[in-house]
Amino acid sequence: MNTISPGLDGVVAAETMLSQVDGQAGRLIVRGKDIEEIAADYDFAHMAALLWDGLAPKFTSPAVIRRDLGQARLAAAALLPKLLPATLGLPPIEGLRAGLALLSDADCDHHLLCAAVPVFTGALWRQTQGQASIAPNPKYGQAEDFLAMLTGKVPAPAAARALDTSLVTVADHGLNASTFTARVVASTRAGMVSSVTAALCALKGPLHGGAPGPVLDMLDEIGDVDGVTPWLEKQFAAGNRLMGFGHRIYRTRDPRADVLKGVVAKLRGHRGSGKNRIALAEAVETAILAELAVRYPTRPLDTNVEFYTALALEAIGLPRELFTLAFAMGRVLGWTAHIFEQEQSGRMIRPASRYIGPVPEGGMAAAVAG
Ligand code: CMC
């Protein structure tokens, strides 16, 4: 009988040249570089060049990618008159899902997909606030232009740099749920738009990319350092999972958590990054880690990327309703690179299941996977 691995734990389903997550050591390598080095040096266009190199139809430098993304944001903005009326009243994440579906598998390239995420997100958010959308500025970098399209103001360089760092830090991460989804859809040759749309749907869930908004809800509910213990007791009694903690692969601290914590530290003085917020977050983190260690002594559960992503995005000035969309803005680079890689490997992904339902009278052949 075939072995079952629920959740596909430990199953190696693809070879990739893109990234390697070492869950024991707490290390993330993207195309031969440690994530800390990438976070220190790269902006969005450099990260795109790193991930797409050798996979996209032709190699282009970060400068050319920056220019192409600027033009693609203008093209994405031309779709807003169709998107906005159709998404009135929807939460931004659902609006973005609808927006991606407006693109065509037949003639949408990876630049347009990557550009559509910030353009649609900025306009969708402004629509929820009753504000008109702001046209993209193709001269800006991707992070800077997103902040400009969101706020209508020239972004503070520190905030734009912090967002760039956040985006590149989450751009790729092995065969996570959304990237796997993208590869499954790409493997059927459905096309890049379909693959990325499916990936966004997987990202949206609270166990994956939907966690950072609830991290801030958690901090708000706890209120102050004295509130940590009673709040935790309530959560464990209710069997709730604590957002921003635990990981399928890491058995130690997620290295991206510290990169993002560094982003928050650099933004001290900005909204949401005041001393009290950070002190509360650190107290909550310490208390949760201590409690998880007691409750799961044989299963190391540590802080994951989402905990400090939440604080970083808040300090950058993003509303929490946009945190998952900001995650998508970075991860779309990884999705598109994996889609290229999957399309080159050419093997349709089709695992098997074990049937445990009723059998027709007379029985059936010995259980096989199918
Ligand atoms: N809070 C409370 N209990 C937890 C948590 C948590 N955050 N994470 C795991 N556990 C428990 C889990 O319920 C299980 O208990 P039991 O054996 O009694 O059923 C035990 O710890 C072992 O769980 P696991 O096998 O380590 O968990 P998993 O691999 O199935 O799930 C996870 C990984 C990330 C979905 C989970 O840790 C979780 O739900 N975390 C909270 C949501 C979150 O922060 N998600 C963002 C993940 S990082 C970004 C990304 O890569 O997507």
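The values are calculated or read from the model by the stated rules, or taken from the named source; none is laboratory data. Computed from a predicted model, the values in this text were never measured in an experiment. Heads up, the Cβs are rebuilt from the backbone with ideal geometry, glycines too, and the neighbour counts pull from every protein chain shown.
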query: Quick one: which of PHE307, PHE340 is within 16 Å of the ligand (Cβ to nearest atom), among the aromatic types (Phe, Trp, Tyr) and assigned to a helix (DSSP H, G or I)?
result: PHE307
Of all residues making up segment 47-105, the number that are of a type in the set (Val, Ile, Thr), out of contact with any helix residue (DSSP H, G or I) (no Cβ under 6 Å at 6 or more places or on another chain) and either surrounded by fewer than 17 Cβ atoms within 10 Å (Cβ to Cβ) or not in a loop (DSSP other than H, G, I, E, B) (or both): 1
Matching option when the condition is in contact with a strand residue (DSSP E or B) (Cβ under 8 Å, 6 or more places away or on another chain), closer than 20 Å to HIS208 by Cα and in a loop (DSSP other than H, G, I, E, B), among ARG248, ARG299, ARG253, ARG241: ARG253
message: Suppose we keep only residues that are in a strand (DSSP E or B) and in contact with a strand residue (DSSP E or B) (Cβ under 6 Å, 6 or more places away or on another chain) within segment 1-28. Which one would you say is surrounded by the most Cβ atoms within 10 Å (Cβ to Cβ)?
response: LEU28
task: Look through PHE245, PHE236 and report the one residue that is within 16 Å of the ligand (Cβ to nearest atom) and either among the acidic types (Asp, Glu) or at pLDDT 95 or above (or both).
output: PHE245
task: Just need a number here: residues in segment 214-233 that are touching a residue at least 24 places away in the same chain (Cβ under 8 Å), more than 11 Å from the ligand (Cβ to nearest atom) and outside any loop (DSSP other than H, G, I, E, B).
output: 7
Whichever residue in segment 282-293 is within 14 Å of the ligand (Cβ to nearest atom) and among the hydrophobic types (A, V, I, L, M, F, W, C) and, among such residues, is nearest to LEU311 (Cα to Cα): VAL284
field: Conditions (1) outside any helix (DSSP H, G or I); (2) touching a Leu at 6+ places or on another chain (Cβ under 9 Å); number of the one not met by VAL193
entry: (1)
query: Among the residues of segment 34-52, which ones are within 13 Å of PRO255 (Cα to Cα) and over 18 Å from the mean Cα position of the chain (by Cα)?
result: ASP34, GLU37
task: Take the residues in segment 294-304 that are under 19 Å from ALA237 (Cβ atoms) and more than 7 Å from the ligand (Cβ to nearest atom), then tell me which one is surrounded by the most Cβ atoms within 10 Å (Cβ to Cβ).
output: ARG295
